[in-house]
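Okay, structure first, notes after.
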Amino acid sequence: MAEVTARLAAYASELEYDTLPQDVVARAKGLMLDTLGTLLGGSRYPAGRIVTRYVEGLGESGACTVAGSALRVSPVAAAFANATMSHCLELDDNYNPANAHVANVVVPAALCLAEEQRRSGRELIAALVAAYDVEGRVGIALDPVRLYARSFHPSSIDGNFGAAVAAGRMLRLEPPTMVQALGLAGCQASGLLAWVTEPSQLSKAFQIGVASRNGVTAAELAHLGFTGPPHILEGKHSLFRAFGGLDGDPGEALLHGLGGRFELMRTSLKKYACCRQIHAPLDGLFKIVREHRLAGDDIAGISTRVATSMADIIDNNELPSHNAQYVLAVAAYDGRIEVDQLGGQRMEDPRIQALSQRVSVLGDDELEKRFPEQWSGITTVRTRDGREFTETVYYPTGDPENALSDAEIEAKFRALVRGVASDRQADDIVALVARLDTLDDASALARRLARER
């Protein structure tokens, strides 16, 4: 078998827009709009405000827009800032097979260089498809369950490779140079699950920004002639040996279906502002509450079963978005899960605190067999008058099998950017994404993310 790094690099460099099926193009546009919503929306939250101040303090100038601001900076700085703010709301996409957030890493990496290099919308779409295909396969081969067991964060480790491909496409790297970009991306790969102990979501968002920044750095250095290890995905001292303790050739997982199975078609979009693993329990809870007309005060207790390997990541953690006890309790009272509920007064409500104490999370070995392809949940609600209701959800809202409609994606975008962008600006962004494949210069989209004067 030919070297897998070289084969992936060749695919990433040579994928042509004209070969993409229309449903893949449509999905790329939906992911773009969804990500721009999380990005612009995140610009007004602490992570977005702080990272904007940080890149402003660097004192550099450039061609690339920092969303929600008037700043124009270098591609590296823009990718870091925009990716960080896009992840701080916990509403970005989730690529189920690798347990990774992909779009909020690769979209900022591609968009900043599309703006600087004035690339077409078709090139931007092809870059997203290629980035998903490479990052997704790297993530599957690394095995997210194995990474979580070793306290590594798949999104930030895998994301270095997706960002390098996205940026490399915008720089039109040839296959040999893309090999170098992948090698340099691997040399920077990092990310720990320690963020679950930090309640503000800042360190989790930071790691996404770092991955996007690293990928752009790798592509730009490779473009200038800097070299990296050419066999980063195979051979001794490979990525898989470092992060997974794996020896041997990962070629099958990395190359299976390449060019025919498009990974962005396997990604999920979020309806609720919390860890993806809590979405199936939420769907089950909301269905029970709706069908049996229950109020929060009617509930004596809630239990939910999820894949065994994911129970720890949502069980009573300090990070509210990854605390199933809090999320399910506040959902029972409010009938929704949005960003404003992940802090402040809602967390101090004594009724919610009391119900949180009566929520349990259990690992389920049968659900583990379906993971990570399915992020299932079995939720049981016990009422104060002695009734008990159970709902099993295998495909939570937003999964490809239970997808958000185009109208729902647009509505989510508009809700997220309200207060940051005017109605006219939101209209313009929606229109630009809809006709992205007709744009000769995609910098028009990037620049519309700037704060209006």
- line: So the helices (runs of 4 or more DSSP H) completely within region 51-162 holding 1 or more residues that are crowded, with 24+ Cβ neighbours inside 10 Å and of a type in the set (Asp, Glu) are 103-117, 121-142
- request: Inspect region 411-426 for any residue being under 21 Å from the mean Cα position of the chain (by Cα), within 27 Å of PHE262 (Cα to Cα) and not aliphatic (A, V, I, L, M) and give the result as yes or no.
  value: yes
field: Yes/no for MET265 being hydrophobic (A, V, I, L, M, F, W, C), in contact with a helix residue (DSSP H, G or I) (Cβ under 8 Å, 6 or more places away or on another chain) and open to solvent by 50 Å² or more (accessible area, probe 1.4 Å)
entry: yes
- request: Return the pairs, sorted by first residue and then second, in which the second residue is among the polar types (S, T, N, Q) and open to solvent by 10 Å² or more (accessible area, probe 1.4 Å), the first residue lies in region 273-290 and is more than 15 Å from SER303 (Cβ to Cβ), the beta carbons are less than 8 Å apart, and the residues are 6+ apart or on different chains.
  value: HIS279/THR397; ASP283/THR397
query: When you go through (1) free of Cβ contacts under 8 Å to residues at least 24 places away in the same chain; (2) within 23 Å of ARG118 (Cβ to Cβ); (3) surrounded by 16 or more Cβ atoms within 10 Å (Cβ to Cβ) one by one for ALA431, which number turns out not to apply?
result: (3)
query: So which pairs qualify, if the first residue must be in region 53-79 and farther than 15 Å from GLY209 by Cβ, the second must be open to solvent by 40 Å² or more (accessible area, probe 1.4 Å) and part of a strand (DSSP E or B), the Cβ gap must be under 6 Å, and the two must be at least 6 apart or on different chains?
result: GLY62/ARG72
message: Being outside any helix (DSSP H, G or I) and at pLDDT 95 or above is the filter here; which residues of region 168-216 pass it?
response: LEU171, ARG172, LEU173, GLU174, ALA189, SER190, GLY191, LEU192
task: Select from region 372-413 the residues that are of a type in the set (A, V, I, L, M, F, W, C) and outside any loop (DSSP other than H, G, I, E, B) and list them in ascending order.
output: ILE378, VAL381, PHE389, VAL393, ALA407, ILE409, ALA411, PHE413
query: Does region 244-261 include one or more residues that are in contact with a strand residue (DSSP E or B) (Cβ under 7 Å, 6 or more places away or on another chain) and open to solvent by 50 Å² or more (accessible area, probe 1.4 Å)?
result: no
- line: When restricted to ALA12, ALA6, the only residue of a type outside the set (D, E, K, R), more than 18 Å from the chain's Cα centre (by Cα) and open to solvent by 20 Å² or more (accessible area, probe 1.4 Å) is ALA6
query: Taking VAL289, is it in a helix (DSSP H, G or I), of a type in the set (Val, Ile, Thr), under 24 Å from GLY168 (Cβ atoms) and open to solvent by less than 40 Å² (accessible area, probe 1.4 Å)?
result: no
- request: Pull up region 292-320, narrow it to residues that are within 14 Å of LEU367 (Cα to Cα) and out of contact with any strand residue (DSSP E or B) (no Cβ under 6 Å at 6 or more places or on another chain), then point me to the one that is surrounded by the fewest Cβ atoms within 10 Å (Cβ to Cβ).
  value: SER309
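The values are calculated or read from the model by the stated rules, or taken from the named source; none is laboratory data. From a predicted model like this one, the values you see are computed outputs, not experimental measurements. Virtual Cβ from ideal backbone geometry, glycine too; neighbours counted across all protein chains shown. Just the protein is used for accessible areas: all its heavy atoms, side chains included, with ligands, DNA and RNA removed. Shrake-Rupley method; radii C 1.70, N 1.55, O 1.52, S 1.80 Å.
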